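One structure is given below, encoded as structure tokens.
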Amino acid sequence: MHRWTAVAADARAESPTALTSVTIVVPTYREAENLPLLIDRVAEVRRASGLAFDLLFMDDDSRDGSEAVVGARLEPWVQLVVRTDERGLSQAVLEGMRRARGEVLVCMDADLSHPVEAIPVMVSKLEEGADFVFGSRYVDGGSTADDWGFLRWLNSRVATLLARPLTSVRDPMAGFFALRRATFDQGQDLNPVGYKIGLELIVKCRCERVVEVPIHFEQRRFGKSKLSLKQQLLYLQHLRRLYVFRFGLWSQLAQFLAVGGIGTVVNLAVLTLLLAAGVAAQAAVAAAILVSMCSNFLLNRRFSFSYARGGSWVRQFLGFTAASSFGAVVNYATTLFALGRLGGAPPQVAALVGIAAGTAFNFLTSRYLVFRMSHVRTSGR
Ligand SMILES: Nc1nc2c(ncn2[C@@H]2O[C@H](COP(=O)(O)OP(=O)(O)O)[C@@H](O)[C@H]2O)c(=O)[nH]1
Ligand SMILES: [Mg+2]
């Protein structure tokens, strides 16, 4: 731990890019036992590094004595804000960052799992030109406490893998990170759901130079983790929003194609069931198409084009079925055209060309006519 402090102090000496004031934003919920220990550790690093740290606890009305504990230790560089209107880790962090005084903003857990001693190194990385610095368990020199259960490890790895298209960072999940206030101020549309505020910030603040410094991640000693199953499900919703923000039209197309895939399964399942129930083939095929069109509509409205959920669903449904029917005509006409042009190629190749043309037609009309952007209600959906 002392190695970090020494390195950072050297790196900062008289540099024109030196960043001297640092606000450590610590979201807290029922962490009273941990707070005095954390204040002590920050005080020690503060003394050793020469950085002007201040510590801002953002508490969501824990009512567990946190206020009294911090009140007893009050110094000009230690503050506690109690939020009573809403509860949420990411909201608490964002509000803390907006209130923070420092040129550098650091976020860390209150539970002593993140080493305060790494902060001077993180600050020096920002001074060297990084936009964003993560404390990382998964780079060389990083580690986690031995008693991390397999399930928790697996959970963290899967979550990281899902974020891979957004960042090549090995560990964007540890919740320990630093950025310049100026970078934070560039953030557009900050609207986090759930726990992964670091991921939200690197995407929405368009951070390009994201670096990691190794940390040893300690198991919390007091209190319980607040990471619930609900938070983990919210993570999927959060990821989807970040994909839309980063990849725009491409992410809509990917969702549209996935919905089409699901629609195919729905179609075949309904057809199989109806045929098994003795329904005549013509009627069963028509019903299967109708049901899959409805499921495609619902899924596209909920996911691919969720920004348009505020629009009239009747108008959208009629538009979607009309566009899909016309898409079938485009598919048919293109297939016939391709059959004529492709000479000796098997008809399946022409059919694939037709399917591609029909799908492109459906996607473009859905995106630009049926679920037009003019229906956008709020940002970041
Ligand atoms: N203000 C606030 N802080 C929270 C909330 N949920 C968790 N925290 C804090 O956020 C940090 C991370 O939570 P933690 O339970 O350690 O999650 P884990 O590290 O993933 O197990 C801790 O300092 C918690 O006290 C919340 O709803 N509001
Ligand atoms: Mg924690």
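The values are calculated or read from the model by the stated rules, or taken from the named source; none is laboratory data. Just so it is clear, the model here is predicted, and its values are computed rather than measured. Cβ coordinates were reconstructed from backbone atoms using ideal geometry, including for glycine residues, and neighbour counts include every protein chain displayed. Just so you know, the surface numbers come from the protein's heavy atoms only, side chains and all, with ligands and any DNA or RNA stripped out. Shrake-Rupley method; radii C 1.70, N 1.55, O 1.52, S 1.80 Å.
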Between rounded, prolate and oblate, where does segment 254-311 land on the alpha carbon gyration tensor, with a ≥ b ≥ c its root eigenvalues, rounded for a/c under 1.5, else prolate if a/b exceeds b/c?
-> prolate
So which DSSP H runs in the chain come out at 24 Å plus along the axis (Cα) with average Kyte-Doolittle of at least -0.5?
-> 229-276, 281-299, 313-341, 347-365
Portion, in percent, of the accessible area of segment 94-188 that falls on carbon or sulfur, probe 1.4 Å | 50 percent
Take every Cα pair under 8 Å in segment 267-316 that's 6+ residues apart, average their separations, divide by the length, and report that relative contact order as a whole percent.
-> 30 percent
Which number gives the lysine pairs in the chain that have C-alpha atoms under 24 Å apart and are eight or more places apart or on different chains?
-> 7
Under the rule rounded for a/c under 1.5, else prolate if a/b exceeds b/c, else oblate, using alpha carbon gyration tensor axes a ≥ b ≥ c, segment 109-255 is classed as oblate
Cα gyration tensor shape for segment 187-227, rounded if a/c is under 1.5, else prolate or oblate | oblate
Heavy-atom accessible area per residue, the chain, 1.4 Å probe: how many Å²?
-> 49 Å²
For a label point 7 Å along the Cα-to-beta-carbon line of Leu229, residues of segment 148-185 with backbone N under 17 Å | 151-152, 155-156
So what is the relative contact order of the chain, in percent, for Cα pairs below 8 Å that sit 6 or more residues apart?
-> 14 percent
Percent of Cα-Cα pairs per 20 Å bin, from 0 to the last occupied bin, for the chain, please list those.
-> 24, 43, 24, 9, 0
In the Gaussian network model of the chain, springs joining C-alpha atoms below 10 Å, which of Val314, Val42, Val104 carries the largest mean-square fluctuation?
-> Val314
Environment charge of Gln316, counting only residues whose C-beta is closer than 11 Å and scoring Lys/Arg +1, Asp/Glu -1 = +4
Please list 173-186, 315-328, 123-136 highest first by mean number of surrounding beta-carbon atoms within 10 Å per residue.
-> 123-136, 173-186, 315-328
Antiparallel as a % of all DSSP beta bridges within the chain, to the nearest 5?
-> 25 percent
Contour minus Cα-Cα span, Trp153 to Ile355, at 0.36 nm per residue, comes to 68.5 nm
